[in-house]
Amino acid sequence: MITFDSEALSRLVSDFFWPLVRLLALFSIAPVFSEKQVPVKVRIGLALAITAVLIPSIPSPQIPIFSVGGIWLLIQQILIGVALGLTMQIAFAVVRYAGEVLGLQMGLSFATFFDPTGGPNMPILARILNVLMMLLFLVFDGHLWILSILADTFHSIPVQLTQLNPKGFLLLARSASLIFIDGMMLAMPLITLLLILNFSLGMLNRMTPQLSVFVIGFPLTLTVGIFTLSLLFPMLVPFAEQLIAGMLERLTVIIHNLVL
């Protein structure tokens, strides 16, 4: 005869609750999952389904929810999930930063509109590159890799009252420098071309002052920028593949450094 008392119910709820917190923290900030277009009910339902699949394969924490240790464990699970999501958001921030720089050089910085994911004043070019990056992220199964890495974290960082190593969060903060490095690498070909074009227009203005640079400069810069951008788009696929692969490798290093 199977007995089911309040203690067993409390243990079952505890085993289900802690992985669910880590998953919800990841879904609240990770790419694709954190999009405003994804309803909250869908995120919660997906987190519940994934948690139900993971529970048989992860060790039982056996830590009560309503306890002093449970408060610290709750904060710990949130920090782990947020760290995983922020690491992958860096890859998208790289592309958005490149789009902002390119839009500024092409004269499209004034073409902004409200975007619920990138901020209230996101340039149109940054928005286009962000959508392309999101599609490539899905094509390369980046969302599945995130879930796979998250499932592995329950074995490398089990749900228990242990202290996290601050080296992992320090590495995450240092990874933010990749936003500027990789973003400028993506935008550098077009920036160099537009710099040469602006230099040529400056020399032309000095030789023929009657020719206004402001009349021909903006249409010429915009035309050359759009044409060069069309040649740059095919390079976005290998760049995004290398960027996503690099961030996934960095994510595994961060997880390894979170363990004392």
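The values are calculated or read from the model by the stated rules, or taken from the named source; none is laboratory data. It should be emphasised that the depicted structure is a prediction, and the values quoted were computed from it without experimental measurement. We place every Cβ from the backbone using ideal geometry, glycine too, and count neighbours over all the protein chains shown. Areas reflect the complete protein model, heavy atoms only, side chains present, ligands, DNA and RNA absent. Shrake-Rupley method; radii C 1.70, N 1.55, O 1.52, S 1.80 Å.
Points to keep in mind about this one:
- With R₀ fixed at 51 Å, the C-beta to C-beta distance from residue 52 to residue 174 puts the FRET efficiency at about 0.90.
- Label-point separation, residue 13 to residue 252 (7 Å along Cα→Cβ), nm: 3.9
- Solvent-accessible ranking of 80, 216, 71, 191, largest area first, probe 1.4 Å: 71, 216, 191, 80
- Counting only protein heavy atoms and a 1.4 Å probe, the stretch 139-251 has 60 square angstrom of accessible area per residue.
- Helical segments meeting 27 Å axial Cα length and Kyte-Doolittle -1.0 threshold in the chain (DSSP H): 6-27, 68-106, 178-207, 236-258
- Here the accessible area of the stretch 170-213 is 76 percent carbon and sulfur, with a 1.4 angstrom probe and all protein chains present.
- Residue 141 accessible area, assembled protein chains, probe 1.4 Å, Å²: 70
- Cα-based shape type of the stretch 138-231, given that a ≥ b ≥ c are square roots of the gyration tensor eigenvalues and the cut on a/c is 1.5: prolate
- Across 92, 169, the residue with the most accessible area heads the list, and the full order at a 1.4 Å probe is 169, 92.
- Taken along the Cα-to-beta-carbon direction at a fixed 7 Å, the label points for residue 245 and residue 184 span 2.5 nm.
- Between 154, 33, 227, the Gaussian network model of the chain with springs among Cα atoms under 10 angstrom shows the greatest mean-square fluctuation at 227.
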